[in-house]
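What follows is a single structure, written as C-alpha coordinates, with notes after it.
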Amino acid sequence: MSPNMMLDRTQQLKIHDIPYLPEPRAERLTLDNGIQLVMLNSGDERVTRITISWEGGLYESSNPVASHLLAKLLKDCSPTLSPSEMADLLDSCGAWIASDIKSHHLVLSLYTINSQLDKVLPAIIDIINAPAVPAAETEMLKAQCASRRELIGKKVTFKAQELENSRIFGSNHPAAFTPTAGDYFNVTVSEIQKLYNTQYRGLSPVVFIAGRIDPEIKDLIISQLNRIKTDKDKTVELTLTPFSPEAPGTQRVECPDSLQSAVLISMPSIPRSHPDYETLRAVVVALGGYFGSRLMTVIREEKGLTYGISAALLGHREGSYITISSQCDNRYTNTVVEEIGKEIARLACEPMSEDELTTLKRYIRSNLAASFDTPFSAMDYFTTQRHVGTPPDYLDRQQKALDRLTPNVIMDFARKYLVEPDKYITIAGKKSDKNDDAK
(Lines give C-alpha, C1' and ligand atoms only; values in the text may rest on other atoms or scores of the structure.)
Protein backbone atom coordinates (compact mmCIF):
# COMPACT_ATOMS: atom_id res chain seq x y z
CA MET A 1 0.00 0.00 0.00
CA SER A 2 1.41 3.39 -0.96
CA PRO A 3 1.92 6.06 1.74
CA ASN A 4 -0.91 8.10 0.22
CA MET A 5 -3.29 5.20 0.78
CA MET A 6 -2.44 4.70 4.46
CA LEU A 7 -5.20 5.36 7.00
CA ASP A 8 -4.70 8.21 9.43
CA ARG A 9 -5.56 6.35 12.61
CA THR A 10 -5.56 9.58 14.64
CA GLN A 11 -8.72 10.66 12.84
CA GLN A 12 -12.14 9.25 13.59
CA LEU A 13 -13.69 7.56 10.57
CA LYS A 14 -16.63 9.37 9.04
CA ILE A 15 -20.03 7.73 9.12
CA HIS A 16 -22.09 8.00 5.97
CA ASP A 17 -25.73 7.13 5.59
CA ILE A 18 -26.54 4.35 3.15
CA PRO A 19 -27.74 5.85 -0.14
CA TYR A 20 -30.99 4.98 -1.89
CA LEU A 21 -31.12 1.31 -2.88
CA PRO A 22 -32.52 0.60 -6.35
CA GLU A 23 -34.42 -2.59 -7.05
CA PRO A 24 -32.25 -5.28 -8.70
CA ARG A 25 -32.79 -5.64 -12.43
CA ALA A 26 -33.97 -9.12 -13.25
CA GLU A 27 -34.49 -10.63 -16.69
CA ARG A 28 -37.84 -12.32 -17.28
CA LEU A 29 -38.62 -14.99 -19.86
CA THR A 30 -41.43 -17.43 -20.62
CA LEU A 31 -40.39 -20.79 -22.05
CA ASP A 32 -42.24 -22.77 -24.69
CA ASN A 33 -43.75 -25.05 -22.05
CA GLY A 34 -45.20 -22.07 -20.15
CA ILE A 35 -42.60 -21.95 -17.38
CA GLN A 36 -41.75 -18.39 -16.32
CA LEU A 37 -38.13 -17.50 -15.54
CA VAL A 38 -36.81 -14.70 -13.37
CA MET A 39 -33.02 -14.40 -13.77
CA LEU A 40 -30.51 -12.28 -11.87
CA ASN A 41 -27.02 -12.45 -13.36
CA SER A 42 -24.71 -11.15 -10.65
CA GLY A 43 -21.59 -12.01 -8.68
CA ASP A 44 -18.07 -13.13 -9.46
CA GLU A 45 -18.25 -16.71 -8.16
CA ARG A 46 -19.36 -19.31 -10.69
CA VAL A 47 -22.24 -20.62 -8.59
CA THR A 48 -25.96 -20.70 -9.24
CA ARG A 49 -29.14 -21.17 -7.28
CA ILE A 50 -32.23 -22.39 -9.12
CA THR A 51 -35.48 -22.07 -7.14
CA ILE A 52 -38.56 -23.77 -8.59
CA SER A 53 -41.89 -22.61 -7.16
CA TRP A 54 -45.27 -24.25 -7.77
CA GLU A 55 -48.54 -22.70 -6.64
CA GLY A 56 -50.38 -24.71 -4.02
CA GLY A 57 -49.16 -25.01 -0.45
CA LEU A 58 -50.40 -26.04 2.98
CA TYR A 59 -53.53 -23.90 2.73
CA GLU A 60 -54.58 -25.46 -0.59
CA SER A 61 -53.80 -29.03 0.47
CA SER A 62 -56.47 -31.53 1.46
CA ASN A 63 -53.78 -33.20 3.59
CA PRO A 64 -51.28 -30.65 5.01
CA VAL A 65 -49.25 -33.36 6.76
CA ALA A 66 -48.76 -35.23 3.48
CA SER A 67 -47.73 -31.91 1.87
CA HIS A 68 -45.13 -31.38 4.58
CA LEU A 69 -43.72 -34.87 4.09
CA LEU A 70 -43.70 -34.46 0.29
CA ALA A 71 -41.58 -31.32 0.57
CA LYS A 72 -39.07 -33.07 2.80
CA LEU A 73 -38.92 -36.17 0.56
CA LEU A 74 -38.75 -34.49 -2.84
CA LYS A 75 -34.97 -34.69 -3.19
CA ASP A 76 -35.15 -38.46 -2.61
CA CYS A 77 -37.80 -39.09 -5.26
CA SER A 78 -35.61 -39.70 -8.31
CA PRO A 79 -37.14 -42.33 -10.65
CA THR A 80 -33.66 -43.53 -11.69
CA LEU A 81 -31.40 -42.95 -8.66
CA SER A 82 -31.83 -44.32 -5.18
CA PRO A 83 -31.79 -41.75 -2.34
CA SER A 84 -28.21 -42.75 -1.47
CA GLU A 85 -27.13 -42.45 -5.11
CA MET A 86 -28.73 -39.01 -5.35
CA ALA A 87 -26.94 -37.98 -2.16
CA ASP A 88 -23.62 -39.22 -3.59
CA LEU A 89 -24.22 -37.32 -6.83
CA LEU A 90 -24.92 -34.07 -5.04
CA ASP A 91 -22.00 -34.52 -2.67
CA SER A 92 -19.51 -35.30 -5.44
CA CYS A 93 -20.68 -32.25 -7.41
CA GLY A 94 -20.58 -29.83 -4.49
CA ALA A 95 -24.33 -29.29 -4.76
CA TRP A 96 -27.26 -29.51 -2.41
CA ILE A 97 -31.04 -29.31 -2.49
CA ALA A 98 -33.43 -27.50 -0.18
CA SER A 99 -37.20 -27.94 -0.37
CA ASP A 100 -40.07 -26.49 1.60
CA ILE A 101 -43.84 -26.25 1.67
CA LYS A 102 -45.13 -22.75 2.35
CA SER A 103 -48.61 -21.38 2.90
CA HIS A 104 -49.39 -21.26 -0.82
CA HIS A 105 -46.36 -22.74 -2.63
CA LEU A 106 -44.16 -25.82 -2.92
CA VAL A 107 -40.51 -24.80 -3.37
CA LEU A 108 -37.45 -26.74 -4.51
CA SER A 109 -34.03 -25.06 -4.66
CA LEU A 110 -30.81 -26.38 -6.18
CA TYR A 111 -27.48 -24.85 -5.17
CA THR A 112 -24.54 -25.83 -7.36
CA ILE A 113 -21.21 -24.77 -8.79
CA ASN A 114 -21.64 -24.04 -12.48
CA SER A 115 -19.11 -26.60 -13.67
CA GLN A 116 -21.31 -29.41 -12.29
CA LEU A 117 -24.67 -28.04 -13.36
CA ASP A 118 -24.89 -30.37 -16.36
CA LYS A 119 -24.67 -33.36 -14.01
CA VAL A 120 -27.12 -32.37 -11.27
CA LEU A 121 -29.84 -30.38 -13.04
CA PRO A 122 -30.99 -33.26 -15.30
CA ALA A 123 -31.50 -35.40 -12.19
CA ILE A 124 -33.72 -32.69 -10.70
CA ILE A 125 -35.76 -32.46 -13.88
CA ASP A 126 -36.29 -36.24 -13.76
CA ILE A 127 -37.71 -35.90 -10.25
CA ILE A 128 -40.10 -33.15 -11.35
CA ASN A 129 -41.38 -35.13 -14.33
CA ALA A 130 -41.86 -38.50 -12.62
CA PRO A 131 -41.13 -38.61 -8.89
CA ALA A 132 -41.14 -41.96 -7.13
CA VAL A 133 -41.77 -41.58 -3.40
CA PRO A 134 -39.44 -44.02 -1.59
CA ALA A 135 -41.09 -46.20 1.04
CA ALA A 136 -38.17 -46.71 3.43
CA GLU A 137 -37.23 -43.02 3.52
CA THR A 138 -40.88 -42.10 4.03
CA GLU A 139 -41.16 -44.31 7.11
CA MET A 140 -37.94 -42.88 8.58
CA LEU A 141 -39.10 -39.32 7.93
CA LYS A 142 -42.49 -39.98 9.52
CA ALA A 143 -40.78 -41.29 12.65
CA GLN A 144 -38.42 -38.29 12.77
CA CYS A 145 -41.25 -35.78 12.35
CA ALA A 146 -43.39 -37.51 14.95
CA SER A 147 -40.50 -37.61 17.43
CA ARG A 148 -39.74 -33.95 16.86
CA ARG A 149 -43.41 -33.07 17.30
CA GLU A 150 -43.49 -34.94 20.61
CA LEU A 151 -40.38 -33.06 21.77
CA ILE A 152 -41.36 -29.53 20.79
CA GLY A 153 -44.93 -30.14 21.96
CA LYS A 154 -43.64 -30.10 25.53
CA LYS A 155 -42.08 -26.64 25.23
CA VAL A 156 -43.90 -23.64 26.64
CA THR A 157 -43.04 -21.62 23.52
CA PHE A 158 -44.84 -24.16 21.33
CA LYS A 159 -47.88 -24.31 23.60
CA ALA A 160 -48.19 -20.53 23.67
CA GLN A 161 -47.74 -20.23 19.90
CA GLU A 162 -50.31 -22.93 19.23
CA LEU A 163 -52.92 -21.15 21.34
CA GLU A 164 -52.06 -17.74 19.91
CA ASN A 165 -52.45 -19.03 16.36
CA SER A 166 -56.00 -20.18 17.00
CA ARG A 167 -56.84 -16.87 18.66
CA ILE A 168 -55.37 -14.60 15.97
CA PHE A 169 -56.11 -16.61 12.82
CA GLY A 170 -59.30 -18.29 14.02
CA SER A 171 -59.47 -21.87 15.25
CA ASN A 172 -60.67 -23.17 11.86
CA HIS A 173 -58.17 -21.25 9.76
CA PRO A 174 -55.57 -23.40 7.95
CA ALA A 175 -52.82 -21.29 9.54
CA ALA A 176 -53.95 -22.51 12.96
CA PHE A 177 -53.62 -26.22 12.10
CA THR A 178 -51.02 -28.07 14.16
CA PRO A 179 -50.37 -31.76 13.34
CA THR A 180 -50.01 -34.33 16.09
CA ALA A 181 -47.37 -37.04 16.15
CA GLY A 182 -50.03 -39.55 15.16
CA ASP A 183 -50.95 -37.49 12.08
CA TYR A 184 -47.52 -38.21 10.60
CA PHE A 185 -47.82 -41.97 11.09
CA ASN A 186 -51.24 -41.98 9.44
CA VAL A 187 -49.94 -40.72 6.08
CA THR A 188 -49.17 -43.39 3.50
CA VAL A 189 -46.70 -43.42 0.62
CA SER A 190 -49.56 -43.66 -1.86
CA GLU A 191 -51.18 -40.52 -0.40
CA ILE A 192 -47.95 -38.56 -0.85
CA GLN A 193 -47.51 -39.87 -4.40
CA LYS A 194 -51.11 -39.03 -5.26
CA LEU A 195 -50.75 -35.54 -3.82
CA TYR A 196 -47.84 -34.74 -6.14
CA ASN A 197 -49.48 -36.30 -9.19
CA THR A 198 -52.79 -34.50 -8.77
CA GLN A 199 -51.59 -31.11 -7.54
CA TYR A 200 -48.13 -30.47 -8.99
CA ARG A 201 -47.37 -32.84 -11.85
CA GLY A 202 -47.80 -30.92 -15.10
CA LEU A 203 -48.25 -27.59 -13.30
CA SER A 204 -46.05 -24.83 -14.78
CA PRO A 205 -43.82 -23.39 -12.05
CA VAL A 206 -42.06 -20.05 -11.80
CA VAL A 207 -38.27 -20.51 -11.70
CA PHE A 208 -35.93 -18.01 -10.03
CA ILE A 209 -32.28 -18.23 -11.16
CA ALA A 210 -29.53 -16.27 -9.43
CA GLY A 211 -25.74 -16.28 -9.62
CA ARG A 212 -23.11 -16.11 -12.31
CA ILE A 213 -25.25 -16.89 -15.35
CA ASP A 214 -22.86 -16.93 -18.30
CA PRO A 215 -24.42 -17.52 -21.77
CA GLU A 216 -23.58 -21.22 -21.80
CA ILE A 217 -25.05 -21.66 -18.30
CA LYS A 218 -28.21 -19.82 -19.33
CA ASP A 219 -28.59 -22.03 -22.42
CA LEU A 220 -28.08 -25.18 -20.33
CA ILE A 221 -30.68 -24.14 -17.75
CA ILE A 222 -33.25 -23.21 -20.39
CA SER A 223 -32.75 -26.46 -22.31
CA GLN A 224 -33.21 -28.51 -19.16
CA LEU A 225 -36.24 -26.56 -17.90
CA ASN A 226 -37.84 -27.04 -21.31
CA ARG A 227 -37.74 -30.78 -20.55
CA ILE A 228 -40.34 -30.32 -17.81
CA LYS A 229 -43.66 -31.72 -19.04
CA THR A 230 -46.42 -29.22 -18.39
CA ASP A 231 -50.13 -28.89 -18.99
CA LYS A 232 -50.72 -25.22 -19.82
CA ASP A 233 -54.38 -25.55 -18.86
CA LYS A 234 -53.59 -26.78 -15.35
CA THR A 235 -53.80 -24.13 -12.64
CA VAL A 236 -54.15 -23.95 -8.86
CA GLU A 237 -56.41 -21.35 -7.27
CA LEU A 238 -54.96 -19.99 -4.05
CA THR A 239 -57.14 -20.32 -0.96
CA LEU A 240 -57.15 -16.90 0.69
CA THR A 241 -59.20 -17.11 3.88
CA PRO A 242 -59.18 -13.86 5.89
CA PHE A 243 -58.10 -14.09 9.52
CA SER A 244 -61.00 -14.36 11.96
CA PRO A 245 -59.64 -13.38 15.39
CA GLU A 246 -61.40 -14.69 18.46
CA ALA A 247 -62.19 -12.64 21.58
CA PRO A 248 -59.24 -10.62 22.95
CA GLY A 249 -58.01 -10.81 26.52
CA THR A 250 -55.68 -13.08 28.47
CA GLN A 251 -55.58 -16.86 28.18
CA ARG A 252 -53.21 -19.27 29.89
CA VAL A 253 -51.91 -22.77 29.23
CA GLU A 254 -50.97 -24.39 32.52
CA CYS A 255 -47.61 -26.22 32.41
CA PRO A 256 -47.04 -27.41 35.99
CA ASP A 257 -43.48 -28.64 35.43
CA SER A 258 -42.13 -25.58 33.62
CA LEU A 259 -39.48 -23.33 35.11
CA GLN A 260 -40.21 -20.52 32.67
CA SER A 261 -43.28 -19.07 31.03
CA ALA A 262 -43.70 -18.07 27.39
CA VAL A 263 -45.47 -14.73 26.98
CA LEU A 264 -47.06 -13.58 23.72
CA ILE A 265 -48.91 -10.30 23.25
CA SER A 266 -50.47 -9.87 19.83
CA MET A 267 -52.89 -7.59 18.04
CA PRO A 268 -54.44 -7.80 14.55
CA SER A 269 -53.10 -5.07 12.30
CA ILE A 270 -53.27 -3.47 8.86
CA PRO A 271 -52.60 -5.42 5.63
CA ARG A 272 -49.47 -5.00 3.50
CA SER A 273 -51.50 -3.02 0.97
CA HIS A 274 -52.24 -0.28 3.52
CA PRO A 275 -50.18 2.92 2.97
CA ASP A 276 -49.16 2.93 6.66
CA TYR A 277 -47.74 -0.59 6.63
CA GLU A 278 -44.05 0.21 6.02
CA THR A 279 -44.03 3.04 8.57
CA LEU A 280 -45.71 0.81 11.15
CA ARG A 281 -43.09 -1.84 10.49
CA ALA A 282 -40.37 0.66 11.42
CA VAL A 283 -42.25 1.65 14.59
CA VAL A 284 -42.50 -2.01 15.63
CA VAL A 285 -38.75 -2.37 15.04
CA ALA A 286 -38.25 0.60 17.39
CA LEU A 287 -40.36 -1.16 20.00
CA GLY A 288 -38.70 -4.57 19.87
CA GLY A 289 -37.09 -5.37 16.52
CA TYR A 290 -33.39 -5.03 17.33
CA PHE A 291 -30.95 -5.24 20.20
CA GLY A 292 -31.19 -1.53 21.03
CA SER A 293 -35.00 -1.45 20.93
CA ARG A 294 -37.15 -0.25 23.80
CA LEU A 295 -38.20 -3.69 24.99
CA MET A 296 -34.66 -5.10 24.90
CA THR A 297 -33.17 -2.03 26.59
CA VAL A 298 -35.65 -1.78 29.44
CA ILE A 299 -37.04 -5.26 30.07
CA ARG A 300 -33.85 -7.21 29.35
CA GLU A 301 -30.98 -4.84 30.07
CA GLU A 302 -32.29 -2.54 32.79
CA LYS A 303 -34.73 -4.80 34.66
CA GLY A 304 -33.26 -8.23 33.88
CA LEU A 305 -36.67 -9.84 33.55
CA THR A 306 -35.89 -11.90 30.46
CA TYR A 307 -32.94 -13.01 28.37
CA GLY A 308 -34.63 -12.00 25.15
CA ILE A 309 -37.75 -10.17 23.98
CA SER A 310 -38.81 -9.15 20.50
CA ALA A 311 -41.61 -7.53 18.53
CA ALA A 312 -42.51 -7.99 14.88
CA LEU A 313 -45.14 -7.03 12.34
CA LEU A 314 -46.02 -10.21 10.47
CA GLY A 315 -47.70 -9.80 7.10
CA HIS A 316 -49.63 -12.60 5.39
CA ARG A 317 -51.77 -12.59 2.28
CA GLU A 318 -54.79 -13.15 4.53
CA GLY A 319 -53.99 -10.42 7.05
CA SER A 320 -51.34 -9.05 9.38
CA TYR A 321 -50.69 -8.87 13.09
CA ILE A 322 -48.16 -7.50 15.56
CA THR A 323 -46.70 -9.93 18.04
CA ILE A 324 -44.42 -9.47 21.05
CA SER A 325 -42.75 -12.60 22.39
CA SER A 326 -40.65 -13.37 25.45
CA GLN A 327 -39.80 -15.98 28.05
CA CYS A 328 -39.34 -15.28 31.72
CA ASP A 329 -39.22 -16.87 35.15
CA ASN A 330 -42.70 -17.92 36.24
CA ARG A 331 -42.53 -15.38 39.08
CA TYR A 332 -42.24 -12.42 36.71
CA THR A 333 -44.91 -13.17 34.13
CA ASN A 334 -47.32 -10.44 35.22
CA THR A 335 -44.49 -7.96 35.58
CA VAL A 336 -43.29 -8.62 32.03
CA VAL A 337 -46.80 -8.04 30.68
CA GLU A 338 -47.09 -4.81 32.65
CA GLU A 339 -43.68 -3.55 31.55
CA ILE A 340 -44.48 -4.27 27.90
CA GLY A 341 -47.60 -2.16 28.28
CA LYS A 342 -45.57 0.66 29.82
CA GLU A 343 -43.07 0.65 26.97
CA ILE A 344 -45.84 0.74 24.38
CA ALA A 345 -47.39 3.70 26.19
CA ARG A 346 -44.03 5.47 26.47
CA LEU A 347 -43.37 5.04 22.75
CA ALA A 348 -46.73 6.72 22.13
CA CYS A 349 -46.29 9.72 24.43
CA GLU A 350 -42.56 10.51 24.74
CA PRO A 351 -40.77 11.87 21.65
CA MET A 352 -37.85 9.71 20.58
CA SER A 353 -34.44 11.40 20.81
CA GLU A 354 -32.61 12.25 17.60
CA ASP A 355 -29.81 9.82 18.51
CA GLU A 356 -32.24 6.93 18.96
CA LEU A 357 -34.08 7.85 15.74
CA THR A 358 -30.81 7.97 13.81
CA THR A 359 -29.76 4.58 15.21
CA LEU A 360 -33.14 3.10 14.29
CA LYS A 361 -33.02 4.39 10.71
CA ARG A 362 -29.44 3.23 10.20
CA TYR A 363 -30.26 -0.22 11.54
CA ILE A 364 -33.20 -0.66 9.19
CA ARG A 365 -31.30 0.74 6.19
CA SER A 366 -28.28 -1.46 6.85
CA ASN A 367 -30.53 -4.51 7.05
CA LEU A 368 -32.11 -3.55 3.73
CA ALA A 369 -28.67 -3.14 2.18
CA ALA A 370 -27.48 -6.48 3.61
CA SER A 371 -30.41 -8.23 1.96
CA PHE A 372 -28.85 -7.41 -1.43
CA ASP A 373 -25.28 -8.43 -0.55
CA THR A 374 -25.29 -11.60 -2.66
CA PRO A 375 -27.11 -12.71 -5.81
CA PHE A 376 -29.03 -15.26 -3.75
CA SER A 377 -30.22 -12.78 -1.12
CA ALA A 378 -31.06 -10.25 -3.83
CA MET A 379 -33.20 -12.84 -5.61
CA ASP A 380 -35.03 -13.43 -2.31
CA TYR A 381 -36.63 -10.02 -2.93
CA PHE A 382 -38.46 -11.52 -5.92
CA THR A 383 -39.24 -14.91 -4.38
CA THR A 384 -40.76 -13.13 -1.38
CA GLN A 385 -43.07 -11.21 -3.70
CA ARG A 386 -44.42 -14.53 -4.97
CA HIS A 387 -44.53 -16.48 -1.72
CA VAL A 388 -45.63 -13.79 0.75
CA GLY A 389 -47.33 -11.23 -1.45
CA THR A 390 -45.12 -8.20 -0.87
CA PRO A 391 -45.91 -5.38 -3.33
CA PRO A 392 -43.65 -4.93 -6.38
CA ASP A 393 -42.37 -1.59 -5.04
CA TYR A 394 -41.81 -2.84 -1.49
CA LEU A 395 -38.15 -1.75 -1.36
CA ASP A 396 -39.00 1.77 -2.50
CA ARG A 397 -41.90 2.00 -0.05
CA GLN A 398 -39.72 0.97 2.89
CA GLN A 399 -37.08 3.59 2.08
CA LYS A 400 -39.64 6.37 1.63
CA ALA A 401 -41.23 5.40 4.95
CA LEU A 402 -37.84 5.84 6.65
CA ASP A 403 -37.41 9.25 5.04
CA ARG A 404 -40.74 10.34 6.53
CA LEU A 405 -40.05 8.90 9.99
CA THR A 406 -39.96 11.53 12.77
CA PRO A 407 -40.51 11.41 16.55
CA ASN A 408 -44.05 12.73 16.09
CA VAL A 409 -44.85 10.14 13.40
CA ILE A 410 -43.63 7.38 15.70
CA MET A 411 -45.82 8.59 18.56
CA ASP A 412 -48.88 8.92 16.32
CA PHE A 413 -48.42 5.42 14.89
CA ALA A 414 -47.74 3.92 18.33
CA ARG A 415 -50.97 5.42 19.67
CA LYS A 416 -53.02 4.30 16.66
CA TYR A 417 -51.62 0.84 16.04
CA LEU A 418 -50.07 -0.26 19.35
CA VAL A 419 -52.02 1.40 22.17
CA GLU A 420 -55.58 1.43 20.81
CA PRO A 421 -56.02 -2.11 19.38
CA ASP A 422 -57.32 -4.98 21.51
CA LYS A 423 -54.56 -7.15 22.98
CA TYR A 424 -54.38 -10.94 22.81
CA ILE A 425 -52.22 -12.03 25.74
CA THR A 426 -51.22 -15.69 25.71
CA ILE A 427 -49.15 -17.26 28.49
CA ALA A 428 -47.88 -20.82 28.76
CA GLY A 429 -46.16 -21.88 31.96
CA LYS A 430 -46.61 -22.58 35.63
CA LYS A 431 -48.67 -20.02 37.50
CA SER A 432 -46.46 -18.91 40.37
CA ASP A 433 -47.78 -18.73 43.93
CA LYS A 434 -45.37 -15.88 44.61
CA ASN A 435 -46.08 -12.27 43.80
CA ASP A 436 -44.43 -10.85 40.73
CA ASP A 437 -41.47 -8.73 41.72
CA ALA A 438 -39.03 -7.07 39.36
CA LYS A 439 -35.43 -7.93 40.05
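Some points to look at:
- Ser190 paired with Gln36, simple spin-label distance in nm, labels 7 Å along Cα-to-beta-carbon: 3.7
- Stokes-Einstein D (µm²/s) once Rh is taken as the Kirkwood radius of the stretch 16-62 over alpha-carbon pairs, at 25 °C in 0.890 mPa s: 169
- Calculated P(r) tail over 21 Å for the stretch 218-347, as whole % of Cα pairs: 56
- Largest-first ordering by accessible area, 1.4 Å probe, given options Trp96, Trp54: Trp96, Trp54
- Heavy atoms of Glu55 accessible to a 1.4 Å probe, total area in Å² rounded to 10: 60
- Asp8 exposes around 90 Å² of accessible area when a 1.4 Å probe is run over every protein chain in place.
- Of the solvent-accessible surface of the chain, computed with a 1.4 Å probe and all protein chains present, 51% belongs to carbon and sulfur.
- Probe 1.4 Å, accessible area per residue of the chain, Å²: 49
- Global form of the chain, assessed from the alpha-carbon gyration tensor, a/c cut-off 1.5: oblate
- Residue order for Asp44, Asp183 - accessible surface, 1.4 angstrom probe, largest first: Asp44, Asp183
- Solvent accessible area, Å² - Ser92, 1.4 Å probe, full protein context: 90
- Using a Förster distance of 45 Å, the FRET efficiency for Arg227-Phe177 (Cβ separation, nearest 0.05): 0.80
- Cross-link check: pairs Lys72/Lys155; Lys154/Lys416; Lys155/Lys342 evaluated at a Cα-Cα cut-off of 31 Å; pairs beyond the cut-off: Lys154/Lys416.
- Computed from the C-beta positions of Thr10 and Asp355 and an R0 of 22 Å, the FRET efficiency is 0.30 to the nearest 0.05.
- Gyration tensor verdict on the stretch 1-153 (Cα atoms; rounded if a/c is under 1.5, prolate if a/b is larger than b/c, oblate otherwise): prolate
- Since only Thr250, Gly34, Leu287 are under comparison, the one whose Cα sits farthest along the positive direction of the charge dipole of the chain, derived from C-beta charges on Lys, Arg, Asp and Glu, is Thr250.
- Each peptide among 288-297, 65-74 gets the average number of other Cβ atoms lying within 10 Å of its residues, and from highest to lowest they stand as 65-74, 288-297.
- Solvent-accessible surface ranking, highest first, for His387, His316 at 1.4 angstrom: His316, His387
- Förster-model FRET efficiency, 56 Å R0, Asp422 and Ser147, C-beta, rounded to 0.05: 0.90
The values are calculated or read from the model by the stated rules, or taken from the named source; none is laboratory data. What you see is a predicted model, and the numbers here were worked out from it, not measured in a lab. Here Cβ is always computed from backbone atoms with ideal geometry, including for glycine, and neighbour counts include all displayed protein chains. Side chains are part of the model used for accessible areas, which takes the heavy atoms of the whole protein and leaves out ligands, DNA and RNA. Shrake-Rupley method; radii C 1.70, N 1.55, O 1.52, S 1.80 Å.
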